[in-house]
Amino acid sequence: MTDNTDEEYALRLSYLEQTDPNSLAVARLYLEMASNHPPEEREAALKLFDAADEIFSFHLPTARDAAVAGLALSLNNRAALEIEAGEWGWAVDAACQAVELRQDRLRNCVGRRDDSERLDLGYSLAALVLALQGAGKLDLARDAASDAVEVLGTFAGMRNQDAFILLTKLICIYADLCSRTDQLPNAGVLLPLAKAFYGARGKP
């Protein structure tokens, strides 16, 4: 982080900690600060992730949805940092935990649209794929990529640019991992996508 950014964060953190040092706002700021650290500042970032996670966990009994959302994002971003740093074991661990939390959030979406939770899970599954791939666990990475494509398949043919970009990248990664592990792609996962994309052609 730059000196100006450090000063800005210090001012914001000082104000929030004076109000309530264990607030979700403080945890979110710790998370934001950690997520802006480059891989060469890994140790400093991990301390901030740990501080954020401690506060998020503290709020699980009283503000579960917000706390779980914060923990999942923290673990997802921690996994991204570990991937960049080439710390594959830690990356797999963090991504697995993020996937579990986001799977629970998606399952709990009853009676309302789940686009946000579904896309979040897709991002965490993508992180898990990259982590497993880096760790040399190609069979597990392939299976995780298949799960990710299936989760994001709901967006096929829809006008959601973020989901479309992530889905197409994961389809390519899945196909490559199938080739590298001498497995045929799962037609049950890919055919519905092809039908959805074909059916969306020409729609405004």
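Things to note:
- Residue ID - farthest from ARG107 (Cα to Cα), chosen from residues in region 14-41 that are surrounded by 18 or more Cβ atoms within 10 Å (Cβ to Cβ) and not hydrophobic (A, V, I, L, M, F, W, C): HIS37
- Residue in region 4-11 that is touching a residue at least 12 places away in the same chain (Cβ under 8 Å) and either touching a helix residue (DSSP H, G or I) at 6+ places or on another chain (Cβ under 7 Å) or crowded, with 17+ Cβ neighbours inside 10 Å (or both) present: yes
- Failed criterion for SER74 (all others in (1) surrounded by 18 or more Cβ atoms within 10 Å (Cβ to Cβ); (2) in a loop (DSSP other than H, G, I, E, B) hold): (2)
- Taking the criterion of being at pLDDT below 80 and either among the basic types (Lys, Arg) or part of a loop (DSSP other than H, G, I, E, B) (or both), the residues of region 157-204 that qualify are GLY157, MET158, ARG159, LYS195, ALA200, ARG201, GLY202, LYS203, PRO204.
- Among residues that are under 18 Å from LEU128 (Cα atoms), in contact (Cβ under 8 Å) with a residue 12 or more places away in the chain and out of contact with any strand residue (DSSP E or B) (no Cβ under 8 Å at 6 or more places or on another chain), LEU75 is included.
- Looking at ALA52, ALA27, ALA34, just one residue is part of a helix (DSSP H, G or I), in contact (Cβ under 8 Å) with a residue 40 or more places away in the chain and under 17 Å from the mean Cα position of the chain (by Cα), and that residue is ALA34.
- Inside region 151-162, residues that are surrounded by fewer than 20 Cβ atoms within 10 Å (Cβ to Cβ) and touching a Phe, Trp or Tyr at 6+ places or on another chain (Cβ under 7 Å) make up a count of 1.
- Applying the condition of being part of a helix (DSSP H, G or I) and touching a helix residue (DSSP H, G or I) at 6+ places or on another chain (Cβ under 7 Å) to region 12-24 and asking which residue is farthest from HIS59 (Cα to Cα) yields ARG12.
The values are calculated or read from the model by the stated rules, or taken from the named source; none is laboratory data. Computed from a predicted structure; not experimentally measured. Note: ideal-geometry Cβ built from the backbone for every residue, glycine included; neighbour counts use all protein chains shown.
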